[in-house]
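The values are calculated or read from the model by the stated rules, or taken from the named source; none is laboratory data. Computed from a predicted model, the values in this text were never measured in an experiment. For neighbour counting, all protein chains shown are included, and Cβ atoms are generated from backbone atoms with ideal geometry for every residue, glycine included.
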Amino acid sequence: MWEDWLKEFVGGQGGQGGQGSNQGGNGGFGQAPQMSASDAQRFLEINDGIGGLGGRGGNQDGLDGVGQVFVPRLTIYDFCQQFQLSEEISRLLQEKGFETPRMLLEVDDGALRSAGLEGGQIMEVRTALREFLTQAQP
């Protein structure tokens with residue numbers, strides 16, 4: 001059984017920002033691992049991306065980069081099923097082109113309202129998304 005489990009999957013690390021006479025360059029973006037939820041289950045540990053260090057500057061150092069959080073790939077339909085969201089919520093999200101929960105991380109409540117969701121439904125989606133992200137972290 002242990003042969004089927006892979007030990008670790010690590011996200012990318014952003015590059016270091018360049019040195020500048022006035023201001024240093026910002027550190028690079030650490031890309032998170034990207035895989036399906038079923039593939040993610042094969043790993044004992046999944047680490048997020050790690051941002052690069054900001055570059056040195058004469059007057060101001062560059063900002064450190066950020067690391068991206070791992071979010072398993074899952075369809076909106078499967079997401080709604082897994083977190084017991086209503087068929088109406090699933091339908092509205094799919095009709096407005098939301099294909100994965102990852103897309104929900106990028107929109108505000110106004111966009112969900114524009115998709116036809118009511119206040120309580122938006123809260124349900126946000127709660128399900130928080131649960132999903134919590135479960136996604138090893």
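Inspect all residues belonging to the stretch 114-124 and state whether any of them is β-branched (Val, Ile, Thr), within 30 Å of Gln16 (Cα to Cα) and either in contact with a Gly (Cβ under 9 Å, 6 or more places away or on another chain) or modelled with pLDDT of 90 or more (or both). No; the residues of the stretch 114-124 include none that is β-branched (Val, Ile, Thr), within 30 Å of Gln16 (Cα to Cα) and either in contact with a Gly (Cβ under 9 Å, 6 or more places away or on another chain) or modelled with pLDDT of 90 or more (or both).
Here Phe43 meets the list (1) over 24 Å from Thr134 (Cα atoms); (2) surrounded by 15 or more Cβ atoms within 10 Å (Cβ to Cβ); (3) at pLDDT below 60 almost entirely, failing just condition (1). Of the residues Gly58, Gly65, Gly54, the single one that is in the same structural domain as Asn26 (by TED's automatic domain parsing), at pLDDT below 90 and touching an Asp or Glu at 6+ places or on another chain (Cβ under 6 Å) is Gly54.
Scanning the stretch 108-134 for residues that are more than 16 Å from Gln94 (Cα to Cα) and over 21 Å from the mean Cα position of the chain (by Cα) gives Gly119, Gly120.
Based on what the data block shows, is Leu129 surrounded by 12 or more Cβ atoms within 10 Å (Cβ to Cβ), touching an Asp or Glu at 6+ places or on another chain (Cβ under 8 Å) and either modelled with pLDDT under 95 or in a loop (DSSP other than H, G, I, E, B) (or both)? The answer is no for Leu129. Whenever a residue of the stretch 86-112 is closer than 11 Å to Val125 by Cα and among the small types (Gly, Ala, Ser), its partners that are at pLDDT 90 or above and part of a helix (DSSP H, G or I), lying with C-beta atoms within less than 6 angstrom and at least six residues away or across chains, give the pairs Ser90/Tyr77; Ser90/Cys80.
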